[in-house]
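Engineer: Have a look at this one.
Nothing in this text is a laboratory measurement; each read-out follows from the coordinates by a stated rule. Nothing here was measured: the structure is a model prediction, and the numbers come from that model. All Cβ positions, glycine included, derive from the backbone under ideal geometry; neighbour counts span all protein chains shown.
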There are 4 protein chains.
Amino acid sequence: MPGNSFGQLFRITTCGESHGGAVGVIVDGCPPGLCITAEEIQVALNRRRPGQSKITTPRNEADAIQILSGVFEGKTTGTPILLLAFNKDMRPQDYAELKKVYRPSHADFTYMKKYGLRDFRGSGRASARETLARVAAGAIAQKYLKEQFKVEIVSYVEQVGNLITDMPMAKVTAKAVESTIVRCPDKAVAKKMIALIEQLGREGDSVGGVIKTVIRNAPAGLGEPVFDKLPADLAKAMMSINAAKGFEIGSGFEGVVLHGSQHNDPFANVRGKTRTTSNHAGGTLGGISTGEDIYFRVAFKPVSTIMKTQNTVTTTGKATRLKASGRHDPCVLPRAVPIVDAMAALVLMDHLLRYRAQCGDQK
Amino acid sequence: MPGNSFGQLFRITTCGESHGGAVGVIVDGCPPGLCITAEEIQVALNRRRPGQSKITTPRNEADAIQILSGVFEGKTTGTPILLLAFNKDMRPQDYAELKKVYRPSHADFTYMKKYGLRDFRGSGRASARETLARVAAGAIAQKYLKEQFKVEIVSYVEQVGNLITDMPMAKVTAKAVESTIVRCPDKAVAKKMIALIEQLGREGDSVGGVIKTVIRNAPAGLGEPVFDKLPADLAKAMMSINAAKGFEIGSGFEGVVLHGSQHNDPFANVRGKTRTTSNHAGGTLGGISTGEDIYFRVAFKPVSTIMKTQNTVTTTGKATRLKASGRHDPCVLPRAVPIVDAMAALVLMDHLLRYRAQCGDQK
Amino acid sequence: MPGNSFGQLFRITTCGESHGGAVGVIVDGCPPGLCITAEEIQVALNRRRPGQSKITTPRNEADAIQILSGVFEGKTTGTPILLLAFNKDMRPQDYAELKKVYRPSHADFTYMKKYGLRDFRGSGRASARETLARVAAGAIAQKYLKEQFKVEIVSYVEQVGNLITDMPMAKVTAKAVESTIVRCPDKAVAKKMIALIEQLGREGDSVGGVIKTVIRNAPAGLGEPVFDKLPADLAKAMMSINAAKGFEIGSGFEGVVLHGSQHNDPFANVRGKTRTTSNHAGGTLGGISTGEDIYFRVAFKPVSTIMKTQNTVTTTGKATRLKASGRHDPCVLPRAVPIVDAMAALVLMDHLLRYRAQCGDQK
Amino acid sequence: MPGNSFGQLFRITTCGESHGGAVGVIVDGCPPGLCITAEEIQVALNRRRPGQSKITTPRNEADAIQILSGVFEGKTTGTPILLLAFNKDMRPQDYAELKKVYRPSHADFTYMKKYGLRDFRGSGRASARETLARVAAGAIAQKYLKEQFKVEIVSYVEQVGNLITDMPMAKVTAKAVESTIVRCPDKAVAKKMIALIEQLGREGDSVGGVIKTVIRNAPAGLGEPVFDKLPADLAKAMMSINAAKGFEIGSGFEGVVLHGSQHNDPFANVRGKTRTTSNHAGGTLGGISTGEDIYFRVAFKPVSTIMKTQNTVTTTGKATRLKASGRHDPCVLPRAVPIVDAMAALVLMDHLLRYRAQCGDQK
């Protein structure tokens, strides 16, 4: 299969370039009967929207989503759902000079190597604008998961540069995340993060960070051994997001120094239910969800677009110097939070349907 | 699709349990005309084999592989290749007591939750014995990549517990990796790692670690935006390996503290070729290989099977205490190295064929 | 996977209902560098368009197609192509009475059985309006096949009711097909077919027929044993078209009475090339194209919508009588010709890319 | 995907050549908890086995099937099931002369064109021996369908050459089919068919025929619009069988002469259930099963291997004459019946799981 689809049974196929006609997604396989409106989807999109705060790019896109198929009288019909947002604030002239030069750490060079030609307007298909489609589709999955299982997916900015919150995951709420424009629920640290991002914006530089996600109330049994384990599909989902460089679940990289006797999560009977008394596993065993909280972390590199002069080459291989202009984020983390939420929802939703196919309705 | 296949065009489907009749794999989509013998595949399997050194489980399996289809007169014919190893040293009686108890941090509980029954003999399908099939299939991919592009995949143990080698990746050779039984090319550190593993073996405990991989001579252009990016598929591949808890490519989690001006990799014309003068990216941009070295790290948790008494519950939810017996590795890292090699080869091979389908033969 | 995608490597995903917002298709996997315009696609769509002649439904839809992604400066970029046509001439009021009744031989009943609800406006997703998306995508495949291999796909109406042309397939040209509104290249028979369709239109009745297709210049080697044989994928493609009831390739059902000594196609050296001197096979052997003409026939049932009173039941199971109104074709064959062309092109294109993936560029 | 897998969720991947080591299949996605034994599967295989009667090839293969994974204590575990039969009665010397010549109407030529080399022993992968794997996998699907829904799949030989039974489909039982060695339930016609096949065997010639299948008690709701319609997937399944040249469902090719007013199947309330009072549709509407009997017909060409001298060319393009020797069937129909049964079961089973994934457990 070509690479623009994700999921096996709750399957999305996205399309659209940064400065093409529109960005869209077909969601195929959605269970029938789910109530969904464009307004609900718009709420999720507004969290990803450019220009939403002083620390994001000023590109002004309403990202107004339309539902063009698959929903009738307010309900999904089981047929494919087309969600579409037309591009509005396009300034291709901003990109004319990029036609003949490869921007460092962007995909210009590799798209040219692969396809022999490229849409050089604002990174074309490689633009993070594509993630709009993911967030729109993810909103449908999130609604279903919430309605059916009270699944709650809470992603938040844990780290920006060297600034890290030590707020315990268990205390983080969706509301607290949304209470700061940097989407870090720890207000004191959030304030410092915002200041750092603003400063880097002024300097024309950028910085990376880490998003942490906790998923509550995910049913046990999700994940398909041996290749489509839940952590494997989550890893793929997250590493497919622009700028992602690392993924870890549960104890992750830090857990490798522990001994088995420290790391193992004992089972116990907790009010009639088999639970684990610790959760180094991060909510999965053997690639299948346990019913405990699923949690993971995703590393994002500093944004590649900076306003400083850089060495590079032209498309014909001549050394040159480049200083970007245009409209960009000094840090992708705040806007990446809803993307991580969406991708997590898409993975869970897909595995929910896969569970059902083989094992029947969840009990 | 069910979860026992990997790859789109160079596609493997594995089967087999720890104590079932056999472990096998069908490799579908292999280009015709590749010379391959069971002996060549066996070389790779012997690196994964139990009982290969004093720091691995003494379970005695020859893992003798047979080619039962798809190869004629020494060459692949383009038809599906069946590779099969019968199980020999099975001691199901070792597992009788495990029928009614959930081992902490094993998949016993989740398999039961998902399927309603389980093969309790030596973890059944959740056993790392399954990875035999991956290594066998990967050997075919590795041969093809080497013959066609001189691709070299070198994985090694970088960390066991707190012991870390600082040997520069560029100096690591396949031969040096194989020169120590722990598969760390740094002999001084390897010696300490071996001592630690032996000590933990005596204590009935276990430890985790990190494997690092560098891929040299991978062609540019591999990776399919926007979901099947090369790092995304590598992440999935690695996170599907038993005990894997984390994946990072290029600068990974450490790179998040850098600024864009520090992290960006400048392009330069190096002897007529467009190259980057640094490689924080880890060999991919926009999810597509650049032609530079691809490198990544995989975190493995400590082995769940330990010989110490642990709290757990029975399958009917009663609290109990469990002390494992049987034959196990105190540290999976040395035997996981060929598995990581194999999975990397499978990802590259698949993307090579996907490139060809859309963009024609590699130039 | 859900059922709204077709093809493995040249993969289309369609969406849209008869009276929803739009009908669209994402084409993923198209080779980069193909010149394509909306105007070229429109030419194909106009052959399928309602209201194109006196023997088709008067529903007035321009079916104006837009290219919203994947094409830059007139060329495909290798990224997904979104083709979209907004619905215009919708008269949902025509369908209000159909909300509570199952039309005989329509999909109303089965959609309700499957999904528990349905879009009752003009058959919703089950409407042949969906095939607009197939024709649009097929136009891209046809252009590529023609440019690269001079592949010519010629479908035509061979039979309407009892009226059959005996014009030899070898003499049929695309131009001759287009010279009659019924798309039968035999003008004398075409005239009778048109008269029959007009008469049935007046009577409020309908009739079926057979489309025959010949594909010239298809490269040898296309088709993937053992399940994705070329005839198997052609059969699936054709049987997925609304109203299709039968498919046969080469000698088909009539050939079963022959003996092997009569049916076998001898090989011969024809001007230095291995050819067959007859072609009962229909252009494939062992599921793989031989390089000879590929030909097949597709049977279409009479249109289910008729203006005569019929017995049926309501959605609550009460007996009732129904007389359809609305705008419909008494015979789908003339408008189905471009759909068959498109599906054939999609199958060939997909297999071309699959060939390339495993066996390299076609020689 | 390569072409050796069938099904999306109940997914089989087959391997093996006529004269390789073994023929096998991995069944992935089978629901857990199904009781199945090798003996049950063997019963189905014995219907396909060579040498089963005087009208089939005398090649002597027990086709003894082994279950090597996925079944524990007599029940499927939800993990992949490996079914394997080793090849025994191989006489590669019979095929030495075929190394350098293309047999008319066999796949020798196309395999060479596609792959550049071929296993010339007994047609290699193109041999109908491959269908053994389909029958084995189909037996599992049939058992599940029967247990869960009392689904009954009855295929039978309706036509051999010009000999056709007019026994009404509704009267055909599985037992009656098995009562004659030609698998035609009409004893008088069966006798003539057997005589014809024997005569052609003596003459070294062969003949084709038609298999008809009726499926009783299939649940309503199976089939995935718009491409994976039930008739489309059945067509693909049947046309992927060796020697198949045509497929039709319901009224098929004959129905095209009817008018809509004759062909439409009226709905009626029959004992509280919505049924149709005729069934020209063949059990599906809009590609989805109605709950009525599903019936279809498959055309098979005369066997290509005949013992008469034929004109052909060598692999280097020289004209030559060929007279086959070896062991073959003059008519594939009797042995194709269980293959058609198996493929029908695989299609239904797959669609059952697909229904469940999107719409939940069947009611």
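Engineer: Compute, for the range D:115-260, the length of the dipole vector about the Cα centre, with Cβ point charges of +1 (Lys, Arg) and -1 (Asp, Glu) only. Units Debye, rounded to 20.
Structural biologist: 400
Engineer: At a 10 Å Cβ-Cβ cut-off, how would you order A:132, A:68, fewest neighbours first?
Structural biologist: A:68, A:132
Engineer: Sticking with this one: Give, rounded to the nearest 20 debye, the magnitude of the charge dipole that the protein assembly as shown has about its Cα centre when Lys and Arg contribute +1 at Cβ and Asp and Glu contribute -1 at Cβ.
Structural biologist: Working: 192 positive and 136 negative charges, 1 e Å.
It comes to approximately 0 debye.
Engineer: For the range D:1-120, what are Rg and Dmax over the alpha carbons, in angstrom?
Structural biologist: 17.2, 50
Engineer: On to the next question. Note down the nm distance, to one decimal, between modelled labels 7 Å out along Cα→Cβ at residue A:62 and at residue B:146.
Structural biologist: For the pair residue A:62/residue B:146, the computed spacing is 6.1 nm.
Engineer: Using the charge dipole of the range A:218-270 (Lys, Arg: +1 at Cβ; Asp, Glu: -1 at Cβ; taken about the Cα centre), state which of A:253, A:243, A:220 has its Cα farthest towards the positive end.
Structural biologist: Of the candidates, A:243 comes out farthest on the positive side.
Engineer: Here's another thing I want to ask about it. Quick one: Debye curve from the alpha-carbon atoms of the range C:232-303 only, equal weights, vacuum; give me log10 I(q)/I(0) at q = 0.11, 0.23, 0.24, 0.26 Å⁻¹ to two decimals.
Structural biologist: -0.34, -1.04, -1.09, -1.19
Engineer: Work from the charge dipole of the range B:31-82 (Cβ charges, +1 for Lys and Arg, -1 for Asp and Glu, about the Cα centre) and give the residue of B:55, B:77, B:38 farthest towards its positive end.
Structural biologist: B:55
Engineer: Then there's this: Mean-square fluctuation check for chain A, GNM, Cα pairs under 10 Å: which of A:319, A:85, A:139 is largest?
Structural biologist: Of the options given, A:319 has the highest mean-square fluctuation.
Engineer: Also, quick follow-up: Normalising by the residue count of chain C, find the relative contact order in percent from Cα pairs under 8 Å and 6+ residues apart.
Structural biologist: Once divided by the residue count of chain C, the mean separation gives 21 percent.
Engineer: Fewest Cβ neighbours within 10 Å first, please rank D:236, A:191, A:318 accordingly.
Structural biologist: Ascending number of Cβ neighbours within 10 Å: A:318, A:191, D:236.
Engineer: Still on this model: As an exercise, take the mean of 1/r over every pair of distinct alpha carbons in the range D:252-363, invert it, and state the Kirkwood radius in angstroms. Could the numbers behind the result be given before it?
Structural biologist: Working: mean 1/r = 0.0527 Å⁻¹.
When all Cα pairs of the range D:252-363 are included, the Kirkwood radius is 19.0 Å.
Engineer: Name the residues whose placed amide hydrogens come within less than 5 Å of the amide hydrogen of residue A:308, ignoring near sequence neighbours (fewer than 5 apart) on the same chain.
Structural biologist: Close amide H contacts, sequence-distant or interchain: A:324.
Engineer: Taking H placed 1.01 Å from N in the peptide plane, check which residues at least 5 places from residue D:274 or on another chain put their amide H under 5 Å from its amide H.
Structural biologist: The list, which skips near neighbours in sequence, is empty: none.
Engineer: Now a separate question. So which aspartates and glutamates can residue B:88 reach, going by Cα to Cα under 18 Å and dropping same-chain residues fewer than 8 places off?
Structural biologist: Once the sequence-local aspartates and glutamates are set aside, what remains near residue B:88 is B:17, B:61, B:63, B:119, B:130.
Engineer: For residue B:100, list the lysines whose Cα falls under 19 Å from its own Cα; do not include residues on the same chain fewer than 8 positions away.
Structural biologist: A:273, B:113, B:114, B:308, B:318, B:323, D:75
Engineer: Relative to the compact globular guide of 2.2 N^0.38 Å, what is the alpha carbon radius of gyration of the protein assembly as shown, as a ratio? Present the calculation step by step, with values, prior to reporting the outcome.
Structural biologist: Working: Rg = 31.2 Å, N = 1452, 2.2 N^0.38 = 35.0 Å.
Ratio of Rg to 2.2 N^0.38 Å for the protein assembly as shown: 0.89.
Engineer: For the residues C:196, D:163, D:9, what sequence is obtained by ranking on other C-beta atoms within 10 Å, fewest first?
Structural biologist: Least to most surrounded, the residues fall as C:196, D:163, D:9.
Engineer: Across the range B:67-75, in residue order, what do the Karplus-derived ³J(HN,Hα) couplings come to in whole Hz, using 6.51 cos²θ - 1.76 cosθ + 1.60 with θ = phi - 60° and x for Gly and Pro?
Structural biologist: 9, 9, 6, x, 10, 9, 6, x, 10
Engineer: Which of the trypsin sites (Lys or Arg not before Pro) found in the range A:1-89 are loop residues per DSSP with 15 or fewer other Cβ atoms within 10 Å of their Cβ? Could the numbers behind the result be given before it?
Structural biologist: Numbers: sites: A:11, A:47, A:48, A:54, A:59, A:75, A:88; in loops: A:54, A:59, A:88.
Here the trypsin sites (Lys or Arg not before Pro) that fit, given the DSSP loop and packing criteria, are A:54, A:88.
Engineer: Over all residues in D:97-105, what is the mean tally of Cβ atoms on other chains that come within 10 Å of each residue's Cβ? Please report the intermediate quantities before stating the final value.
Structural biologist: Working: counts 0, 0, 0, 0, 1, 5, 3, 12, 12.
Across the residues of D:97-105, the mean count of other-chain Cβ atoms within 10 Å is 4.
Engineer: Could you tell me how far the Cα centroid of the range D:85-137 sits from the Cα centroid of the range B:301-363, in Å?
Structural biologist: 38
Engineer: Sticking with this one: Using only Cα atoms, what is the ratio of the radius of gyration of the range B:115-221 to 2.2 N^0.38 Å? List each step's numbers first, then the result.
Structural biologist: Numbers: Rg = 17.3 Å, N = 107, 2.2 N^0.38 = 13.0 Å.
For the range B:115-221, the normalised Cα radius of gyration is 1.33.
Engineer: Let me ask another. Take peptide D:347-359, look around each residue's Cβ out to 10 angstrom, count Cβ atoms belonging to other protein chains, and average those counts.
Structural biologist: Details: counts 0, 0, 0, 1, 1, 1, 7, 7, 3, 8, 14, 15, 9.
Other-chain Cβ atoms within 10 Å of each residue's Cβ, averaged: 5.
Engineer: Taking residue A:187 as the anchor, which lysines have their alpha carbon closer than 29 Å to its alpha carbon, excluding any fewer than eight residues away along the same chain?
Structural biologist: By straight Cα distance, residue A:187 reaches A:54, A:143, A:146, A:150, A:171, A:175, A:212, A:245, A:301.
Engineer: A further question on this structure: Scan around residue D:224 for amide H atoms under 5 Å from its own, H built in the peptide plane at 1.01 Å from N, and keep only partners 5 or more places away or cross-chain.
Structural biologist: Under 5 Å from the amide H of residue D:224 lie the amide H atoms of D:229, D:230, each far enough along the sequence or on another chain.
Engineer: In Å and whole numbers, how far do the C-alpha atoms of the range C:5-359 stretch along each principal axis, longest first?
Structural biologist: 67, 51, 38
Engineer: Another question, if that's okay. Of the candidates A:20, A:246, A:317, which one comes out as most mobile in a Gaussian network treatment of chain A with C-alpha springs shorter than 10 Å?
Structural biologist: In this elastic network of chain A, the residue with the biggest mean-square fluctuation among A:20, A:246, A:317 is A:317.
Engineer: Where the only charges are on Cβ atoms (+1 Lys, Arg; -1 Asp, Glu), what is the dipole of the range C:5-359 about its Cα centre, to the nearest 20 debye?
Structural biologist: 800
Engineer: For the rotation that brings chain D onto chain B, whose beta-carbon in chain D is nearest the axis, and what is that distance in whole angstrom?
Structural biologist: D:13, 2
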